[in-house]
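What follows is one structure encoded as structure tokens, with my remarks underneath.
The values are calculated or read from the model by the stated rules, or taken from the named source; none is laboratory data. If you're wondering where the values come from, they're calculated on a predicted model, not measured in any experiment. For neighbour counting, all protein chains shown are included, and Cβ atoms are generated from backbone atoms with ideal geometry for every residue, glycine included.
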Amino acid sequence: IETRVPMARSVNTGISGFIDSSGELGNWVQEDGRFQQIQGWATRTMILDNRQTFYGRWGDWPIRVILILTMLRLFVATLVRRKMV
């Protein structure tokens, strides 16, 4: 969901199905209301999404900048406190 990539999930012992680029779930393999420990198949047309999310564009950079600014602020606060003592 963070990168708007649709996903086809196919597993042996879990829940198999599709997740679109908006995070919507659909076409789960099920039988009598059960989703696990069954046999079956599902099909769905996967539509590629050209939109880009904030995370896809910037990645972890905003968090790194915030971390550096916080560390700098703590360092400055420590220096000021030492001058006062």
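Of all the listed residues (64, 44, 57), the sole one being charged (D, E, K, R), surrounded by 10 or more Cβ atoms within 10 Å (Cβ to Cβ) and outside any loop (DSSP other than H, G, I, E, B) is 64. Scanning region 15-39 for residues that are in a loop (DSSP other than H, G, I, E, B) and either in contact with a strand residue (DSSP E or B) (Cβ under 6 Å, 6 or more places away or on another chain) or surrounded by 11 or more Cβ atoms within 10 Å (Cβ to Cβ) (or both) yields 15, 16, 20, 21, 23, 27, 28, 29, 30, 35, 36, 38.
Yes or no, residue by residue, for (1) at pLDDT 90 or above; (2) under 18 Å from the mean Cα position of the chain (by Cα); (3) among the hydroxyl-bearing types (Ser, Thr, Tyr):
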site: 35; (1), (2), (3): no, no, no
site: 43; (1), (2), (3): no, no, yes
site: 70; (1), (2), (3): yes, no, yes
site: 83; (1), (2), (3): no, no, no
